[in-house]
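Input: a single structure, listed below in structure tokens.
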């Protein structure tokens, strides 16, 4: 199944970006998609302007060498996946990337996650892409496993009341199934549920709720949520090997812990709560989740999302 037609690989031109380059080249080959590499770098000093063209040529040459080496490593020929290289210099790199996406109608951005000393979460540039880029963003971290052993997980909320949230969950399931099929074949579906009023009711001195009634209510909430998960999976039409993890607790606490415990390599999730509102910030729950992640992240936004960045 071809999902992507025009992929953008983002490079700084100076760091080791092998993991992101592997994913970009593999995805382009498997989808027979066009692949463009965009080097984003700081504005060259005016007092050194005589050296600008040589500097940019060196960045392009270094990336071409990396592309060639990565193609050989993953057995992709450059004839199969020709890569067009472009370069942009200046401030606000995330804005430049998003503007490039809007002008050229890319349907996927892949880049190496900015390194953090803690090893968890994402830096400001990556967070800005998660908030503002209209197409899916894949932030890659090094993975030591071969592709056929990589583990894919997707986080969904089956009880979203907004239509765009429901549709987003379907899109997340479809995309994660696509990725899992290219890896170890098993898709881990994570969905968190809770009954927040249990503690309030159990310890409230003014309201006396019988234990058996409270237990029955909590069990019903669990069953309803699980049924909603199963209904969403069925509606998505995905097949293959699936492992559903129906976890009780807050999503921003349980999902990162589950990702670590299950040794997940790539998490697929939605990052923006609502569509159609320019600049609508990343949802609080999603923000808390991504800042605790140690794995690679592939993030989608709901259909109709409007980026606050303008193409011109």
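The values are calculated or read from the model by the stated rules, or taken from the named source; none is laboratory data. Quick caveat: nothing in here was measured; it's all calculated off a predicted structure. Heads up, the Cβs are rebuilt from the backbone with ideal geometry, glycines too, and the neighbour counts pull from every protein chain shown.
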Quiz item: How many residues are over 25 Å from residue 262 (Cα atoms), modelled with pLDDT of 85 or more and either surrounded by fewer than 16 Cβ atoms within 10 Å (Cβ to Cβ) or assigned by TED's automatic domain parsing to the domain that holds residue 105 (or both) if we restrict to segment 278-309?
Solution: 1
Quiz item: Can residue 69 be described as in contact with a strand residue (DSSP E or B) (Cβ under 8 Å, 6 or more places away or on another chain), closer than 26 Å to residue 125 by Cβ, assigned by TED's automatic domain parsing to the domain that holds residue 101 and surrounded by fewer than 17 Cβ atoms within 10 Å (Cβ to Cβ)?
Solution: no
Quiz item: What's the number of the condition residue 28 fails, among (1) surrounded by 14 or more Cβ atoms within 10 Å (Cβ to Cβ); (2) over 22 Å from residue 113 (Cβ atoms)?
Solution: (2)
Quiz item: Only one of 83, 98 is under 30 Å from residue 304 (Cβ atoms), in contact with a helix residue (DSSP H, G or I) (Cβ under 7 Å, 6 or more places away or on another chain) and surrounded by 18 or more Cβ atoms within 10 Å (Cβ to Cβ); which?
Solution: 98
Quiz item: Which of (1) modelled with pLDDT of 90 or more; (2) assigned to a loop (DSSP other than H, G, I, E, B); (3) surrounded by fewer than 17 Cβ atoms within 10 Å (Cβ to Cβ) is the odd one out, the single condition residue 238 does not satisfy?
Solution: (3)
Quiz item: Could you list, in sequence order, the residues of segment 184-212 that are within 30 Å of residue 297 (Cβ to Cβ), modelled with pLDDT under 90 and surrounded by 15 or more Cβ atoms within 10 Å (Cβ to Cβ)?
Solution: 184, 193, 194, 195
Exercise. Quick one: residue 52 ticks every box in (1) at pLDDT below 90; (2) part of a helix (DSSP H, G or I); (3) exposed (fewer than 14 other Cβ atoms within 10 Å of the Cβ) except a single one, so which number is it?
Key: (3)
Quiz item: Within segment 34-51, is even one residue at positive phi and out of contact with any strand residue (DSSP E or B) (no Cβ under 8 Å at 6 or more places or on another chain)?
Solution: no
